[in-house]
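Accompanying notes for the structure given below.
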Amino acid sequence: MASAVVNPRDLRFQLFDVLGSDALCARARYRDHDRESLEAALDLAIQIADEVLWPNAPIGDRDEPRLENGRVRVPSAIHESVAAITDAGFIAAALDYDRGGMQLPAVLLQACLGVLKAADTATAGYLMLTKAAANLLDVHGTDEQKRLYMEPLYAGRFLGTMCLSEPDVGSSLGDIRCRAVPAGDGTYRLSGSKMWISGGDQDISENIVHLVLAKLPDAPPGVKGISLFIVPKFRVNADGTLGAPNDVAVAGLNHKMGYRAISNCLLSFGENGGCEAHLVGAPHAGLACMFHMMNEARIGVGISGAMIGYAGYTQAVRYARERRQGRPVDNRDPTQPPVPIVRHADVKRMLLKQKAIVEGALALCLTCARYLDDMTTATDEDQRQRAGLLLDILTPIAKAWPAEFCQEANSLAIQVHGGYGYTRDFPVERLYRDNRLNAIHEGTNGIQAIDLLGRKARSQDGAALRALMEEIRADIDAARDLPALAEHCDALAAATGEIEGATAAIGAARAEGRIGDSLANASLYLNALGHIVVAWLWLRQARAADDALRQGAVTDDDAFYRGKLAACRYFFRYELAGMKPAIALLARVDTTCAEMDTNMF
Amino acid sequence: MKVLVAVKRTIDPNVKVRVKSDQTGVETANVKMAMNPFCEIAVEEAVRMKEAGSANEVVAVSAGADKAQETLRTALAMGADRAVHIVTEAELQPLAVARLLKVIADEEQPGLVIMGKQAIDDDSNQTGQMLAALLGWPQATFASEIEFKDGTADVTREIDGGLETLNVNLPAVVTTDLRLNEPRYASLPNIMKAKKKPIDRREADALGVDISPRLAIHKVEEPPKREAGIKVADVAELVAKLRDDAKVIG
Ligand SMILES: Cc1cc2nc3c(=O)[nH]c(=O)nc-3n(C[C@H](O)[C@H](O)[C@H](O)COP(=O)(O)OP(=O)(O)OC[C@H]3O[C@@H](n4cnc5c(N)ncnc54)[C@H](O)[C@@H]3O)c2cc1C
């Protein structure tokens, strides 16, 4: 039995043959690494995913966290999964060796985390939040805060949360109502409610570190008046031991469609006036602190979307090879045994679509993570800056595109299973429910689209979009002479021209003051540009596969590379071509939706 | 006490094995390899001995091609202190491996040699026994529990009828069964630390033993496909089928 959730062969292909991640070992920070150690990290993630997380995932889904006497109980199987992840060192993997880390490059780290998410994204959520909280304190915390809170987070002794949303405030964080007032001793007293808090309470770790956004009494209105605080569940004494409970109450649990292994809480802070909070960074600079790690967090959500899709695809392929039903259309002899459904053209269509989407989404997220590495460790200053520019424009796409389209892939994985896919006896329905969250949290897809079209595509006079188009054109030029890919090069060149035209038309509408109209089709824009980006990355994959085939890849293995070429062809002919009407709507700055009066619904 | 733990690189147990089209063996090109699972159990046991204080050094040894080094790194990442790599591109059969291991055991003088009861590729289940015979040491195979006291070891073995406990004098050769322990995952920091631990490369040719194959492989085939099952009407028909068709009862 191969991995239940990923194709390790594909991960290696994408990481090394396409993205050349082993070249990172030449950089000072990764000097001790080589392909072997990078693969060892990946293998470890695959092993834990298959042996621990995947078997435990249905338990976390079925026995969702319960509230008992004010405490949240999580099933023991999920304790076991979290321990496997933390003991293996994944929270601290990117840190320096002398801080318990592995100095793992971002692209490898994201691949490893992606594998864990493919098996159980909800459980991996505990790890993601803890890592994000620790990273944030690493950048913005005081030495004392690092010692008391960050170090136990990296060690997995405490788990972390991110408390942004409130019952009445989600997308528009400027309106939050949580308050913090100075207590006179350098600490603050925090009060208010936070909604949707993942991991807001649990019985896995000895303490919980909440990072909470709240407003100080003198806060200016809007997003410029938000401050960031550490609020531990139990106060932490100066020597690191745990003190009294810190007046953080679980007011209720949310009962979710999926993503259930991680508790989701309505938290009430300071009901008794005793919630001690510690300011992180400067007053009113909370959102800026948070956004410091937004790139990574958004790529992380993209990876989740991509890899849940990937797990569904992996399961669908396995099922289609085993399930026998019907006979080939050109040989219906009823005395012959039924054939595995993978032989039917319509099932092939469903599998190929899933493959093209999920492997494309993975390429998108890994490419972003690779740019993260360039942004932080490239030796050349220009290369670092360019990577940052490309990330600006790619990050909203990496967050939203996988969530949008891998959801379709997850739906097709159910379809391939027929009636069985609609039951809880097979994992594909859980994967479908789990993935549905990714379009909602970490900035809804709608908010990402507005960020992309309203800011990222326009900033610095469109410099980021121009850089992206240059990258795409460079790859088109490099593939142009390969007969297998010439058709795709033409299609991609045409599509880039069209999206540039549409962007210019939208810009012109904005310049005329039609700001509302210019943003009305932002989601369509994100999907269309996303398709162009994923098509570009398919062209890259196809070129690497074409190279391997020319060099006479081992004969038994050429199906892998021919599969890559076929998925690339599918993506160009069925998916990218299908975006043409959307791009035409964008170029017209169509206002069908925006013109709706609210009373017309 | 020093523990010598022998490990073998085999096809990853999660990979579906394919027979080469010329039937000379199984396909290993581009196939994921890993440490033989029984060897993982041996490494784990040795590391636990060190953690419990009954051993003070764990030395991993593997014989095989260059890539066997990766398997040794895994052992080092799990907690072995250093490794010996006996390098050879030659095909190695159990007797050859036992002879090579004897050379290393003579040099290292361990108090215990621990190794898998068999490797999942050829399932020979011979190397440990041969090594014990060559060394003239006691052997305890199929271990599911080991306890040390006063220069001896109580080894519980899994045998057909249940469990048998042997008391062996040390040094001895012990081979591991599945239930001995559950091997740990090597953590990320330990994977990096393993890169700094020494691996002593020894050319097999220079060890002065005959490693030429003694067995010839004529042909490798896929196991026969399982036939589809049938439904029987009642117990009488079942008994008849078992007797007349399957011939498993008289
Ligand atoms: C399972 C789960 C886990 C979560 N975990 C956390 C967590 O750990 N910490 C945390 O702080 N939050 C968490 N959230 C909250 C999540 O980030 C919010 O749900 C999200 O930001 C959307 O906010 P909202 O639910 O209030 O929706 P709203 O903001 O009310 O949005 C509703 C709809 O309106 C659209 N919309 C809103 N404003 C605009 C606008 N200006 N222009 C166009 N469209 C708009 C949105 O795109 C969306 O489609 C979690 C949510 C869920 C469901």
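Quick one: Karplus J couplings for segment B:215-232, per residue in order, coefficients 6.51, -1.76, 1.60, θ = phi - 60°, nearest Hz, x for Gly and Pro?
Couplings: 10, 10, 8, 8, 6, 10, 10, 5, x, x, 5, 6, 6, 5, x, 10, 9, 9 Hz.
Would any residue of segment A:183-202 have its amide N under 19 Å from a label point 7 Å out along Cα→Cβ of A:L67? List them or say none.
Only A:191-202 pass the distance filter.
List the trypsin sites (Lys or Arg not before Pro) within segment B:214-250 that DSSP assigns to loop and that have no more than 12 neighbouring Cβ atoms inside 10 Å.
Values: sites: B:R214, B:K219, B:K225, B:R226, B:K231, B:K241, B:R243, B:K247; in loops: B:R214, B:K219, B:K225, B:R226, B:K231, B:K247.
Here the sparse-neighbourhood loop sites are B:R214, B:K219, B:K225, B:R226, B:K231, B:K247.
Of A:A361, A:V212, A:A277, which is farthest on the positive side of the dipole of chain A, counting Cα position, with +1 on Lys and Arg Cβ, -1 on Asp and Glu Cβ, and the Cα centre as origin?
Farthest towards the positive end: A:A361.
Enter the accessible area per residue of segment B:2-225 (Å², integer; probe 1.4 Å; all protein chains in place).
On the way: 10660 Å² over 224 residues.
Solvent-accessible surface per residue comes out at 48 Å².
What residues qualify as long-range amide H neighbours of A:I226, i.e. H under 5 Å apart, gap of 5 or more or another chain, H built at 1.01 Å from N?
The answer is A:G286, A:L287.
Let me spell out the model: positive unit charges on the Cβ of Lys and Arg, negative unit charges on the Cβ of Asp and Glu, origin at the Cα centre of segment B:2-225. What dipole size does that give, in debye rounded to 20? If you can, show how the numbers build up before the last one.
Working: 28 positive and 34 negative charges, 134 e Å.
Charge dipole, segment B:2-225, about its Cα centre: 640 debye, nearest 20.
Once each part is reduced to its C-alpha centroid, what is the distance from segment B:45-68 to segment A:1-39 in angstrom?
27 Å
Just to be sure I understand the rule: take each whole DSSP H helix in chain B, project its Cα atoms onto its long axis, keep it if the span is 20 Å or more and its mean Kyte-Doolittle hydropathy is at least 0.0. Which ones pass? Mind showing how you got there, number by number?
Numbers: long enough: B:37-52 (22 Å, 0.09); B:94-108 (21 Å, 0.61).
Going by DSSP H runs, the hits are B:37-52, B:94-108.
So what is the 222 nm mean residue ellipticity for chain A from helices alone, if each DSSP H run of at least 4 adds -39500 (n - 2.57) and you divide by all residues, rounding to the nearest 500 deg cm²/dmol?
Estimated from H runs of four or more residues: -17000 deg cm²/dmol.
From Cα pairs below 8 angstrom and at least 6 apart in sequence, can you work out the relative contact order of segment B:2-225, rounded to a whole percent? Let's see the in-between values first.
Working: 488 pairs, mean separation 58.8, N = 224.
About 26 percent, as a whole number.
How much FRET efficiency would the formula 1/(1 + (r/R0)^6) give for A:T598 and A:E512, where r is the Cβ-Cβ distance and R0 is 30 Å, rounded to 0.05? Don't skip to the answer; put the middle values down first.
Details: r = 24 Å, r/R0 = 0.81.
That pair, A:T598 with A:E512, gives E of 0.80.
Full-extension gain between B:V248 and B:Q23, please, as 0.36 nm times their residue separation minus the C-alpha to C-alpha distance. Mind showing how you got there, number by number?
Working: separation 225, 0.36 × 225 = 81.00 nm, distance 3.14 nm.
Result for the pair: 77.9 nm of gain on full extension.
Run the simple label-point estimate for B:L215 and A:D346 please: 7 Å along Cα→C-beta, distance reported in nm.
According to this spin-label approximation, the distance is 5.1 nm.
Find out how many positive minus negative residues lie around A:N445, taking Lys and Arg as positive, Asp and Glu as negative, among other residues whose Cβ is under 12 Å from that of A:N445. Show your work: numbers first, answer last.
On the way: positive: A:R298, A:K399, A:R436; negative: A:E404, A:E442, A:D451.
After counting each charged neighbour, the total is 0.
What figure, in Å² to the nearest 10, do you get for the accessible area of A:D346 with a 1.4 Å probe and non-protein molecules left out?
90 Å²
Give, rounded to the nearest 20 debye, the magnitude of the charge dipole that the protein assembly as shown has about its Cα centre when Lys and Arg contribute +1 at Cβ and Asp and Glu contribute -1 at Cβ. If you can, show how the numbers build up before the last one.
Values: 96 positive and 114 negative charges, 267 e Å.
It comes to approximately 1280 debye.
Average partner chain C-beta neighbours within 10 Å, per residue of A:218-230? The partial results should precede the final answer.
Working: counts 0, 0, 0, 0, 0, 0, 0, 0, 0, 0, 0, 0, 0.
Mean number of neighbouring Cβ atoms from other chains: 0.
Pull out a ≥ b ≥ c, the square roots of the eigenvalues of the alpha-carbon gyration tensor of segment B:2-225, then state rounded if a/c is under 1.5, prolate if not and a/b is larger than b/c, and oblate in the remaining case. Before the final figure, lay out each step's value.
Details: a/c = 1.41, a/b = 1.29, b/c = 1.10.
Rounded, since a/c falls under 1.5.
Where only protein heavy atoms count, and the probe is 1.4 Å, what is the accessible area per residue for segment A:330-433 in Å²?
Working: 4340 Å² over 104 residues.
Each residue of segment A:330-433 exposes 42 Å² on average to a 1.4 Å probe.
Ordering A:Y310, A:Y371, A:Y420 from largest to smallest accessible area (1.4 angstrom probe), what's the sequence?
Values: A:Y310 0, A:Y371 25, A:Y420 110 Å².
Of A:Y310, A:Y371, A:Y420, the descending order of accessible area is A:Y420, A:Y371, A:Y310.
Starting from one equal scatterer on each C-alpha and no solvent at all, send me the Debye-based log10 I(q)/I(0) for the protein assembly as shown at q = 0.05, 0.06, 0.10 Å⁻¹, two decimals.
Once normalised to I(0) and log-transformed, intensities are -0.32, -0.47, -1.21.
Taking 0.36 nm per residue of sequence separation and subtracting the Cα-Cα distance, how much length would be gained by fully extending the chain between A:F234 and A:T591, in nm to one decimal? Could you put the intermediate results ahead of the total?
On the way: separation 357, 0.36 × 357 = 128.52 nm, distance 5.28 nm.
Stretched fully, the A:F234-A:T591 segment lengthens by 123.2 nm.
How high is the relative contact order of chain A, in percent, with contacts defined as C-alpha pairs under 8 Å that are six or more residues apart?
12 percent
Kindly tabulate the residues in segment B:165-188 with an accessible-area decrease of at least 40 Å² between the chain alone and the assembly of all protein chains, using a probe of 1.4 Å.
B:Y185, B:L188
May I ask you to give the percent of accessible area on chain A that is carbon plus sulfur, with a probe radius of 1.4 Å? Please list the in-between numbers first.
On the way: 12080 of 23620 Å².
Accessible surface attributable to carbon and sulfur in chain A totals 51 percent.
Taking the full set of protein chains and a 1.4 angstrom probe, give the accessible area of A:E36 in square angstrom, rounded to the nearest 10.
Roughly 60 Å² of A:E36 is accessible to a 1.4 Å probe.
For B:K102, go through the lysines and keep the ones whose alpha-carbon is under 18 Å away, minus same-chain ones fewer than eight residues off.
B:K2, B:K8, B:K117
Which of the listed residues, A:V339, A:N264, A:L352, is farthest toward the dipole's positive end in segment A:257-352, when Lys, Arg count +1 and Asp, Glu count -1 at the beta-carbon?
The residue sitting most towards the positive pole is A:V339.
Measure out, as a whole number of angstrom, how far apart the alpha-carbon centroids of segment A:430-495 and segment A:505-582 sit.
Using only Cα atoms to place each centre, the spacing works out to 7 Å.
Report, to the nearest 10°, how far helix A:558-570 tilts away from the longest principal axis of the Cα atoms in chain A, using its own Cα long axis and a range of 0 to 90°.
80 degrees
Over all residues in B:192-198, what is the mean tally of Cβ atoms on other chains that come within 10 Å of each residue's Cβ? Walk me through the intermediate numbers first.
Numbers: counts 11, 2, 2, 6, 1, 0, 0.
For this peptide, the per-residue mean of nearby foreign Cβ atoms is 3.
Which net charge results when you count Lys and Arg as +1 and Asp and Glu as -1 among the other residues whose beta-carbon is under 12 Å from that of A:C365?
On the way: positive: A:K117, A:R298, A:R370, A:K399; negative: A:E296, A:E359.
That sum, taken over residues with Cβ under 12 Å, equals +2.
So who's got an amide H within less than 5 Å of the one on B:D200, skipping anything under 5 residues away but keeping other chains? H placed 1.01 Å off N, in plane.
Amide H neighbours of B:D200: B:A83, B:V84, B:H85.
Going by accessible area, probe 1.4 Å, with all protein chains left in place, what is the ranking of A:R298, A:R321, A:R386, B:R201, largest first? Don't skip to the answer; put the middle values down first.
Details: A:R298 40, A:R321 160, A:R386 75, B:R201 115 Å².
Highest to lowest solvent-accessible surface, that is A:R321, B:R201, A:R386, A:R298.
How many angstrom separate the Cα center of segment B:100-166 from the Cα center of segment A:168-187?
That distance is 65 Å.
May I ask you to rank A:H531, A:H292 by accessible area, largest first, using a 1.4 Å probe over the protein chains only? Present the calculation step by step, with values, prior to reporting the outcome.
Numbers: A:H531 0, A:H292 110 Å².
My answer, sorted largest first, is A:H292, A:H531.
Estimate the FRET efficiency between B:E222 and B:D160 by the formula 1/(1 + (r/R0)^6), using the beta-carbon distance for r and 30 Å for R0, to the nearest 0.05.
0.55
Between A:E322 and A:D558, what is the label-point separation in nm under the 7 Å Cα-to-beta-carbon projection?
3.1 nm
Spin-label point model (7 Å from Cα, Cβ direction): what's the A:R550 to B:E108 distance in nm?
4.8 nm
So for segment B:2-225: antiparallel DSSP bridges make up what percent, rounded to the nearest 5? Walk me through the intermediate numbers first.
Working: 18 of 46 bridges.
Around 40 percent antiparallel, to the nearest 5.
Would you mind telling me the share, in percent, of accessible area of segment B:2-225 contributed by carbon and sulfur at probe 1.4 angstrom? Could the numbers behind the result be given before it?
Details: 5150 of 10660 Å².
C and S atoms contribute 48 percent here.
Sort segment A:333-402 into rounded, prolate or oblate with this rule: let a ≥ b ≥ c be the square roots of the eigenvalues of the Cα gyration tensor; rounded if a/c is under 1.5, and if a/c is not under 1.5, prolate when a/b is larger than b/c, oblate otherwise. If you can, show how the numbers build up before the last one.
Values: a/c = 6.95, a/b = 3.96, b/c = 1.75.
Verdict is prolate for segment A:333-402.
Label point 7 Å out from B:N30 along Cα-to-Cβ: which residues of segment A:523-554 have amide N under 16 Å?
A:542-554
Do the alpha carbons of any pairs in A:K146/A:K456; A:K233/A:K456; A:K353/B:K32; A:K353/B:K20; A:K399/B:K67; A:K355/B:K67 sit beyond 29 Å of each other, and which pairs? Don't skip to the answer; put the middle values down first.
On the way: A:K146/A:K456 33 Å; A:K233/A:K456 38 Å; A:K353/B:K32 27 Å; A:K353/B:K20 32 Å; A:K399/B:K67 39 Å; A:K355/B:K67 32 Å.
Table pairs above 29 Å Cα-Cα are A:K146/A:K456; A:K233/A:K456; A:K353/B:K20; A:K399/B:K67; A:K355/B:K67.
Name the residue farthest towards the positive end of the dipole of segment B:2-225 from the options B:T10, B:P224, B:Q126, assuming +1 on Cβ of Lys and Arg, -1 on Cβ of Asp and Glu, about the Cα centre.
B:T10
Less than 13 Å Cβ to Cβ from A:V212, Lys/Arg counted +1 and Asp/Glu -1: what total charge do the surrounding residues give? Write out the running numbers ahead of the final one.
On the way: positive: A:R177, A:R179, A:R189, A:K194, A:K215, A:K233; negative: A:E166, A:D247, A:E276.
Combined, the nearby Lys, Arg, Asp and Glu give +3.
By its C-alpha gyration tensor, with a ≥ b ≥ c as the square roots of the eigenvalues, how is segment B:167-217 shaped: rounded for a/c under 1.5, else prolate for a/b larger than b/c, else oblate?
oblate
Report, to the nearest 10°, how far helix A:76-87 tilts away from the longest principal axis of the Cα atoms in chain A, using its own Cα long axis and a range of 0 to 90°.
90 degrees
Which residues of segment A:93-133 end up with at least 10 Å² less accessible area in the presence of all protein chains than when their chain stands alone, using a 1.4 Å probe?
Those are A:Y97, A:G100, A:G101, A:M102, which lose 10 Å² or more relative to the chain on its own.
Return the average number of partner chain Cβ atoms within 10 angstrom of each residue Cβ along peptide B:8-14.
Partner Cβ neighbours, averaged per residue: 2.
With θ set to phi - 60°, apply the Karplus curve 6.51 cos²θ - 1.76 cosθ + 1.60 along segment A:445-459 and write out the HN-Hα couplings as whole Hz, x wherever there is a Gly or Pro.
Per-residue couplings from phi come out as 4, x, 5, 4, 5, 5, 4, 5, 6, x, 10, 4, 6, 9, 4 Hz.
The values are calculated or read from the model by the stated rules, or taken from the named source; none is laboratory data. Keep in mind that what you see is a predicted model, and the values were worked out from it rather than measured. Note that each Cβ is placed from the backbone with ideal geometry, even for glycine, and that neighbours are counted across all protein chains shown. Accessible surface is based on the protein model in full, side chains and every heavy atom, while ligands, DNA and RNA are left aside. Shrake-Rupley method; radii C 1.70, N 1.55, O 1.52, S 1.80 Å.
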